[in-house]
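*Asks:* One structure, pasted below without further comment.
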Amino acid sequence: MTEMTPVTDAAAAKAPKVPALPDAQTVTEVKHWTDRLFSFRCTRPASLRFRSGEFVMIGLMGDVNPKTGKQKPLLRAYSIASPSWDEEMEFYSIKVQDGPLTSKLQHIKVGDEVILRPKPVGTLVHDALIPGKRIWFFATGTGFAPFASLLREPETYEKFDEVIITHTCREVGELTYGRELIEALKDDELLNEVIGEGFWKKIKYYPTTTREESPKMGRITDLMRSGEAFEDLGVPPLNPDTDRAMICGNLAFNLELKDLFENTYGLEEGANSKPAHFVVEKAFLD
Ligand code: A2P
């Protein structure tokens, strides 16, 4: 008589690996863009529904507290860089060498686990804007992340005739993630099929740098005030009748643009509960 494997062992061998972390997801890809920037993809919780442009809390288990012997999750808000229809999740992150989370997160590898709380929130969503002709996405640094999601979201092209994305960074290398993502849209068979052949022709990409030589230098705020940005793009200044905008950058940038929109162009800030002309979100840095 052959010896039978006990049922429990067989079941255990077949069962999927039990996540060691609460809300654990598995890393599927990591790309380092500069010594300060990286992006990664991970599995998507089966139950997670979100709107392109929203953020979630992600992180890792913190160190063991020597006093209590316990570990607590170390979580930060991260914009989801992948669109709502994607099977996986994508995130774009800064690396801060002494940052509590990113000093560790920058070392993740394919197969590692990250914590992802499946509770998406945020204001950079189409629902917070009233219809218009043209949508502007304004980003600095890793503030590009929610727009990486919205640039791959069919609703963006269904709702608007023109999509303008401005990205201001200190150095040229910091633009690469965004530039490659936008270039890849042209050859994305799925998106061309789902959204419509040549959808990407609606996009006008306006990258600028402030601390390293590049074809277009300067802060987007200054380039708008001088009128240079509108001339370069071949569009009139923002107008409440036609233009809608989403802003995601550092705090000073957000405040300056908000002031410009409200006091120069006459736009009104919107929210999920009260859609209007523009919405703002802080790029979450650590
Ligand atoms: P600058 O180099 O002139 O400070 P950071 O890495 O500090 O978050 O900045 C990212 C980019 O955003 C930089 O190019 C920076 O320009 C720019 N920036 C910072 N503050 C503002 C602001 N108030 N308005 C426009 N751009 C800004």
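*Asks:* Checking the conditions here, which among L175, L190, L151, L181 is under 13 Å from the mean Cα position of the chain (by Cα) and farther than 17 Å from M246 by Cα? Walk me through it before giving the result.
*Replies:* Details: L175 fails: under 13 Å from the mean Cα position of the chain (by Cα); L190 fails: under 13 Å from the mean Cα position of the chain (by Cα); L151 fails: farther than 17 Å from M246 by Cα.
The match here is L181.
*Asks:* Starting from the stretch 97-109, keep only residues that are assigned by the TED database to the domain that holds L37 and under 15 Å from F284 (Cβ atoms), then list their pairs with residues that are assigned to a loop (DSSP other than H, G, I, E, B) and aliphatic (A, V, I, L, M) whose Cβ atoms are within a distance under 8 Å, requiring at least 6 positions of separation or different chains.
*Replies:* T102/V96
*Asks:* Only one of these is under 22 Å from the mean Cα position of the chain (by Cα) and either outside any loop (DSSP other than H, G, I, E, B) or surrounded by fewer than 17 Cβ atoms within 10 Å (Cβ to Cβ) (or both): L260, L255. Name it. Reasoning before the result, please.
*Replies:* Working: L260 fails: under 22 Å from the mean Cα position of the chain (by Cα).
Answer to the check: L255.
*Asks:* So if I check each of F230, F253, which one is of a type in the set (F, W, Y) and either within 12 Å of the ligand (Cβ to nearest atom) or modelled with pLDDT under 95 (or both)? Spell out the reasoning first.
*Replies:* Numbers: F230 fails: either within 12 Å of the ligand (Cβ to nearest atom) or modelled with pLDDT under 95 (or both).
None of the others qualify; the one that does is F253.
*Asks:* Considering only residues that are in contact with a Ser or Thr (Cβ under 7 Å, 6 or more places away or on another chain) and within 17 Å of I195 (Cα to Cα), which ones fall in the stretch 156-176?
*Replies:* If the condition is that a residue be in contact with a Ser or Thr (Cβ under 7 Å, 6 or more places away or on another chain) and within 17 Å of I195 (Cα to Cα), then V163 is the only one that fits.
*Asks:* For N239, which of the numbered conditions (1) surrounded by fewer than 17 Cβ atoms within 10 Å (Cβ to Cβ); (2) in contact with a helix residue (DSSP H, G or I) (Cβ under 7 Å, 6 or more places away or on another chain); (3) within 22 Å of R36 (Cβ to Cβ) fails to hold?
*Replies:* (3) is the only condition that N239 fails.
*Asks:* Further, regarding this structure: Given the conditions (1) within 21 Å of C42 (Cα to Cα); (2) assigned to a helix (DSSP H, G or I), and given that F91 satisfies all but one, which numbered condition is not satisfied?
*Replies:* (2)
*Asks:* Give just the number: which of (1) farther than 21 Å from W33 by Cβ; (2) without any contact (Cβ under 8 Å) to a residue 24 or more places away in the chain does K216 not satisfy?
*Replies:* (1)
*Asks:* From E153, E162, E158, grab the single residue that is more than 20 Å from D222 (Cα to Cα), away from the ligand (no atom under 11 Å from the Cβ) and in contact with a helix residue (DSSP H, G or I) (Cβ under 7 Å, 6 or more places away or on another chain).
*Replies:* E162
*Asks:* So L181 passes all but one of these: (1) within 16 Å of the ligand (Cβ to nearest atom); (2) touching a residue at least 12 places away in the same chain (Cβ under 8 Å); (3) closer than 30 Å to H32 by Cβ. Which condition number does it fail?
*Replies:* Going through the list (1) within 16 Å of the ligand (Cβ to nearest atom); (2) touching a residue at least 12 places away in the same chain (Cβ under 8 Å); (3) closer than 30 Å to H32 by Cβ, L181 breaks only (1).
The values are calculated or read from the model by the stated rules, or taken from the named source; none is laboratory data. Values in this document were obtained by computation on a predicted structure and should not be read as measured data. A quick note on method: Cβ atoms are made from the backbone with ideal geometry, for glycine too, and the neighbour counts reach across all protein chains shown.
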